[in-house]
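Everything on this sheet refers to the single structure shown next.
The values are calculated or read from the model by the stated rules, or taken from the named source; none is laboratory data. Since the model is a prediction, treat every value here as computed from it, not as a measurement. No Cβ is skipped: glycine too gets one built from the backbone with ideal geometry, and neighbour counts run over all protein chains shown. Quick note on the areas: whole protein, heavy atoms, side chains included, nothing else; ligands and nucleic acids left out. Shrake-Rupley method; radii C 1.70, N 1.55, O 1.52, S 1.80 Å.
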Amino acid sequence: MTAELLQALLFQGGYNAALVSLGAALLGLAAGSVGAFTTLRRRALTSDAMAHATLPGIGLAFLAMAAFGGDGRNLAGLLIGAGLSAALGLYWLQRLTDITRLPEDAATGAILSTFYGAGIVILTVIQNLSLGRPAGLEGFLLGSTAGMLKSDAILIAGGGAMILTLLLILRRVLAMTAFDPGHARLMGINTRAADVALLLLTLACVLLGLRVVGLILIVALLITPALTARLWSDRIGVVALLAGGIGAVAGHLGASLSLVLPDLPTGPAIVLITFTAFILSALFAPGRGLIARALARARQASLVRT
């Protein structure tokens, strides 16, 4: 197993396996970097609602493509349906907070549960219809790279590279908006457009991550690397780079483990790797780690006694 894992980590486990690992690494890099800005703007729960709101769109896109005689499992078509469904969820989230004055976390909970419930109903109906080939649709819940095609891996890798390029262009605007929206407006920045751009980048990460980690766990790939990186630095540029690096390593390692252990689901493996990085950072990070703070308190107590 060790030799097989080493081969997978060195991209020598086969052409398709290498593409899947590269796609997962690029997805982790993009999601971690975008997540640094999402957490700084306090939009972590919004990304969770967005991910759950994709499920009805996946089911409806499958039905539409199968009804017209196409391949209901075409990834590009499913992602378009998921994107439209997530956009509808975001629209109703904004309307709920505007009309009812509900707190944003309560409105997020309502949208998240409603859309997820609707998606489960649609998937259940699909399983009982003799239409298309619905096997594998449940893989979007927790992710599954086993059935990925070469075109799917290229789509994920290309999408991740495009997200990183856009984030590099918009990084200064997003950082100023996240730190101090009022000051950003005084500097001539359209903060509403910046917020929309951040939501679109987050949505792109969610859509690309559906196949790899699934809609339930993609939020962990967006948030956990960012939280881990913030234990090591206060500078947003450094945090974004660290979070992207953690996400990339987790994506590559998780996909490689899933290749070596076929029964191991890729999404949960990636999430557990990111959480392990968070625990290690919470213990050993200088300044904010538990051990560093305990040593600092011990030094202070020693100074007081002397």
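Ordering M50, M65, M162 from largest to smallest accessible area (1.4 angstrom probe), what's the sequence?
Result, largest first: M162, M65, M50.
How far apart, in nanometres, would the label points at E4 and I80 be if each is projected 7 angstrom from Cα along the Cα-to-Cβ direction?
Label-label distance for E4 and I80, simple model: 3.9 nm.
Roll a 1.4 angstrom probe over the protein heavy atoms and tell me the percent of accessible area of the chain that is carbon or sulfur.
Ligands and nucleic acids excluded, carbon and sulfur reach 68 percent.
For region 186-306, what does the alpha-carbon gyration tensor say about shape, rounded, prolate or oblate, given a ≥ b ≥ c as the root eigenvalues, a/c under 1.5 as rounded, and a/b over b/c as prolate?
Taking the square roots of the gyration eigenvalues as a ≥ b ≥ c, region 186-306 is oblate.
When Lys and Arg each count +1 and Asp and Glu each count -1, what net charge do the other residues less than 15 Å away from G81, Cβ to Cβ, add up to?
My count for the surroundings of G81 gives +1.
What is the Cα convex hull volume of region 119-246 when expressed per residue in Å³?
So the per-residue hull volume is 133 Å³.
Where only protein heavy atoms count, and the probe is 1.4 Å, what is the accessible area per residue for the chain in Å²?
Ligands and nucleic acids excluded, the figure is 50 Å² per residue.
With only Lys, Arg, Asp and Glu charged, each at its Cβ (+1 for the first two, -1 for the last two), find how big the charge dipole of the chain is about the Cα centre; round to the nearest 20 debye.
1040 debye
Roughly how many Å² of F284 are accessible to a 1.4 Å probe, to the nearest 10?
120 Å²
Lys/Arg Cβ at +1, Asp/Glu Cβ at -1, dipole of the chain taken about the Cα centre: which of L10, L75, L137 is farthest positive-ward?
L10
Rounded, prolate or oblate: which fits region 209-259, taking a ≥ b ≥ c as square roots of the Cα gyration tensor eigenvalues, rounded meaning a/c under 1.5, else prolate when a/b beats b/c?
The shape class here is prolate.
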